[in-house]
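Student: Structure provided below as structure tokens; questions to follow.
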Amino acid sequence: MPIPFIDLQSQRARLGQPLEDAILKVVRSGAYVMGPEIAQFETALGAFGQAPFVLSCGSGTEALQLPLMAWGIGPGDAVFCPSFTFAATAEVMPLVGASPVFVDILPDTYNLDPAALDRAIEAVKADGELTPKAVIAVDLFGQPADYPAIAAVARKHGLKLIADSAQGFGCTLNGQHPIHWADVATTSFFPAKPLGCYGDGGAVLCKDARLHDILVSLRVHGQAVKSDLEGKTFDHDPKYLNLRIGMNSRMDTIQAAVLLQKLSIFADEIEARNRVAARYAAGLSDVVAVPKVIEGGVSVWAQYTIEVGDRDGLIAHLKGHEIPTAVYYPIPIHRQDVYSAYPAPGGLPVTDAKAGKVMSLPMHPYLTPEDQDAIIAAIRAFAGRNA
Ligand SMILES: *Cc1c(COP(=O)(O)O)cnc(C)c1O
């Protein structure tokens with residue numbers, strides 16, 4: 001049987017009947033939107049991710065857009081982010097009328113380079129066209145960005161900091177989750193993410209009660225929330241009092257029910273992912289460039305990404321052995337036509353170089369040692385032939 005790139009069926013089998021019962025319970029309850037599982041899941045996710053406030057929402061993309069809306073970021077504003085990421089990280093800036101400003105990455109972790117961030121902010125300030133407002137750091141491939149250094153740069157310039165943890169929810173640095181340093185941490189529950197649901201979903205984690213309230217309002221068309229109504233009386237149902245331009249970004253109750261089940265085994269799955277990563281490193285580090293995790297960091301290994309000289313050759317060789325691979329990301333965002341007009345001060349030499357070299361191997365908590373050894377052997381055979 002071919003080895004899957006990500007194996008969601010083994011996880012489903014492990015979760016078994018309780019998972020199917022949880023879904024059926026929602027179907028039978030009729031509470032398809034904002035049912036009780038939503039609040040239960042938000043509480044459980046906050047406990048896992050060390051965040052006092054959690055808002056579930058429609059997707060990881062909307063999780064990034066909602067805080068930009070809450071902070072009133074819009075035309076004339078600059079939001080700094082890496083270009084070596086999934087498009088959604090940069091897409092939300094034009095969606096609110098603001099401009100992404102692309103920043104280079106560190107060559108060993110693929111995450112935002114704090115010194116390059118500082119230079120990019122200075123360049124935008126000197127240029128004077130855009131007003132720096134926020135930074136979005138990405139926990140690429142599952143490992144935490146250098147938050148102590150990035151937060152120091154953001155603070156120095158008075159900017160908000162978002163941790164885009166769509167690939168990294170559950171990762172830690174010195175035992176702390178990204179929200180320890182960031183104003184907001186976001187994640188995605190797209191099925192292929194380390195913590196995924198059975199459709200689309202996302203979450204915004206924060207530490208500020210008023211910000212959370214505004215996010216609650218924006219999630220449902222800017223409707224008035226409790227803190228908006230304190231001390232006021234209305235002669236109509238304030239449910240239809242719309243104080244902001246919001247959107248509809250509710251997560252389905254069924255997805256919350258699925259996620260409550262998955263969250264119960266997530267810590268164990270992160271350990272399993274780290275075992276898989278360690279076996280790859282032991283078997284491959286002398287023949288390809290294996291990933292390096294930031295000192296003090298624990299990755300959730302959304303991807304296991306290696307670098308090789310002859311990438312196309314290795315991909316074809318593995319395909320011949322029915323071993324799937326993927327390239328994240330072949331075209332950095334600033335090289336995409338629709339993003340090419342946005343600033344990337346000083347160019348992004350590391351990003352440009354990495355896009356031509358990286359490739360990702362099968363990675364999930366249920367990869368067996370036997371399958372992994374077959375993958376390692378195939379890569380070693382290719383490397384030996386090309387040595
Ligand atoms: C997947 C992803 C997103 C978007 O999440 P969706 O739920 O698909 O909208 C944002 N940022 C990064 C880094 C991602 O990998």
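The values are calculated or read from the model by the stated rules, or taken from the named source; none is laboratory data. On a predicted model such as this, the values are computed, not experimentally measured, just so you know. As a convention, Cβ positions derive from the backbone with ideal geometry for all residues, glycine included, and neighbour counts pool all protein chains shown.
Student: Kindly indicate the residue of the stretch 102-138 that is of a type outside the set (A, V, I, L, M), away from the ligand (no atom under 15 Å from the Cβ) and assigned to a loop (DSSP other than H, G, I, E, B) and also nearest to Val184 (Cα to Cα) among those meeting that condition.
Tutor: Step one: list which residues in the stretch 102-138 are of a type outside the set (A, V, I, L, M), which gives 102, 104, 107-111, 113-114, 118-119, 122, 125, 127-129, 131-133.
Checking which are away from the ligand (no atom under 15 Å from the Cβ) leaves us with 104, 107-108, 113-114, 118-119, 122, 125, 127-129, 131-133.
Applying the additional criterion that residues be assigned to a loop (DSSP other than H, G, I, E, B) yields 104, 107-108, 113, 128-129.
Working: Asp104: 22, Pro107: 26, Asp108: 25, Asp113: 19, Gly128: 27, Glu129: 26 Å.
Filtering first and then ranking leaves Asp113.
Student: Moving on. Would you check if Ala353 is out of contact with any Asp or Glu (no Cβ under 6 Å at 6 or more places or on another chain) and closer than 12 Å to Phe84 by Cβ? Steps first, answer last, please.
Tutor: Numbers: out of contact with any Asp or Glu (no Cβ under 6 Å at 6 or more places or on another chain): yes; closer than 12 Å to Phe84 by Cβ: yes.
In short, yes.
Student: So which pairs qualify, if the first residue must be in the stretch 238-254 and within 12 Å of Gly222 (Cβ to Cβ), the second must be surrounded by 20 or more Cβ atoms within 10 Å (Cβ to Cβ) and of a type in the set (Val, Ile, Thr), the Cβ gap must be under 8 Å, and the two must be at least 6 apart or on different chains?
Tutor: Partner pairs satisfying both residue conditions: Arg244/Ile214.
Student: Moving on. Name the pairs: first residue in the stretch 339-359 and touching a residue at least 60 places away in the same chain (Cβ under 8 Å), second residue part of a helix (DSSP H, G or I) and surrounded by 19 or more Cβ atoms within 10 Å (Cβ to Cβ), Cβ to Cβ under 6 Å, at least 6 apart or on different chains?
Tutor: Cβ pairs passing all conditions: Tyr339/Ile333; Ala344/His334; Pro345/Ala120.
Student: Among the residues of the stretch 180-229, write down those that are closer than 28 Å to Val298 by Cα, surrounded by fewer than 24 Cβ atoms within 10 Å (Cβ to Cβ) and more than 16 Å from the ligand (Cβ to nearest atom).
Tutor: Across the stretch 180-229, the qualifying residues are His180, Trp181, Asp183, Lys207, Asp208, His212.
Student: Which number in (1) in a loop (DSSP other than H, G, I, E, B); (2) more than 16 Å from the ligand (Cβ to nearest atom) marks the one condition that Thr85 misses?
Tutor: All conditions are met except number (2).
Student: For Pro365, indicate whether it is under 24 Å from Thr172 (Cα atoms) and either in contact with a Pro (Cβ under 7 Å, 6 or more places away or on another chain) or surrounded by 13 or more Cβ atoms within 10 Å (Cβ to Cβ) (or both). Steps first, please.
Tutor: Details: under 24 Å from Thr172 (Cα atoms): yes; either in contact with a Pro (Cβ under 7 Å, 6 or more places away or on another chain) or surrounded by 13 or more Cβ atoms within 10 Å (Cβ to Cβ) (or both): yes.
Here the answer is yes, as Pro365 does meet what is asked.
Student: If you don't mind, there's one more thing I want to ask. Against the definition (buried (at least 20 other Cβ atoms within 10 Å of the Cβ), within 16 Å of the ligand (Cβ to nearest atom) and at pLDDT 95 or above), how does Ala63 come out, yes or no? Working first, answer last.
Tutor: Working: buried (at least 20 other Cβ atoms within 10 Å of the Cβ): yes; within 16 Å of the ligand (Cβ to nearest atom): yes; at pLDDT 95 or above: yes.
Here the answer is yes, as Ala63 does meet what is asked.
Student: Any idea which of (1) farther than 29 Å from Ala44 by Cβ; (2) within 16 Å of the ligand (Cβ to nearest atom) is the one Leu161 doesn't satisfy?
Tutor: (1)
Student: What are the residue pairs meeting all of these: first residue in the stretch 295-309, first residue in contact (Cβ under 8 Å) with a residue 12 or more places away in the chain, second residue polar (S, T, N, Q) and buried (at least 24 other Cβ atoms within 10 Å of the Cβ), Cβ atoms under 7 Å, and 6 or more apart or on different chains?
Tutor: Gly297/Gln143; Ser299/Gln143; Ala302/Gln167
Student: Looking only at the stretch 328-357, count how many residues are hydroxyl-bearing (Ser, Thr, Tyr), assigned to a helix (DSSP H, G or I) and either within 19 Å of the chain's Cα centre (by Cα) or closer than 20 Å to Thr305 by Cβ (or both). Can you show your working first?
Tutor: So the first thing to find is which residues in the stretch 328-357 are hydroxyl-bearing (Ser, Thr, Tyr), and the list is 328-329, 339-340, 342, 351.
Of the ones still in play, those that are also assigned to a helix (DSSP H, G or I) are 339, 351.
From what's left, either within 19 Å of the chain's Cα centre (by Cα) or closer than 20 Å to Thr305 by Cβ (or both): 351.
Of the residues in the stretch 328-357, 1 are hydroxyl-bearing (Ser, Thr, Tyr), assigned to a helix (DSSP H, G or I) and either within 19 Å of the chain's Cα centre (by Cα) or closer than 20 Å to Thr305 by Cβ (or both).
Student: Quick check: is even one residue across the stretch 292-313 outside the structural domain of Ala98 (by TED's automatic domain parsing), assigned to a helix (DSSP H, G or I) and not small (Gly, Ala, Ser)? Show your work before the answer.
Tutor: Within the stretch 292-313, the subset outside the structural domain of Ala98 (by TED's automatic domain parsing) is 292-313.
Then drop every residue that is not assigned to a helix (DSSP H, G or I), which leaves 311-313.
Subsequent filtering for residues that are not small (Gly, Ala, Ser) retains 311-312.
Within the stretch 292-313 (the criterion being outside the structural domain of Ala98 (by TED's automatic domain parsing), assigned to a helix (DSSP H, G or I) and not small (Gly, Ala, Ser)), the answer is yes, since at least one residue qualifies.
Student: Every residue in the stretch 202-235 that is within 22 Å of Ile73 (Cα to Cα) and in a loop (DSSP other than H, G, I, E, B), please.
Tutor: Of everything in the stretch 202-235, those that are within 22 Å of Ile73 (Cα to Cα) and in a loop (DSSP other than H, G, I, E, B) turn out to be Lys207, Asp208, His221, Gly222, Ala224, Val225.
Student: Applying the selection to the stretch 88-101, what residues are more than 13 Å from the chain's Cα centre (by Cα) and within 14 Å of the ligand (Cβ to nearest atom)? Steps first, please.
Tutor: To start, the set of residues in the stretch 88-101 that are more than 13 Å from the chain's Cα centre (by Cα) comprises 91-101.
Scanning the stretch 88-101 gives Glu91, Val92, Met93, Leu95, Pro100.
Student: If Arg244 passes every condition in (1) of a type in the set (Lys, Arg); (2) more than 29 Å from Ala44 (Cα to Cα); (3) not in a helix (DSSP H, G or I) but one, which one does it miss?
Tutor: Tallying (1) of a type in the set (Lys, Arg); (2) more than 29 Å from Ala44 (Cα to Cα); (3) not in a helix (DSSP H, G or I), Arg244 fails exactly one: (2).
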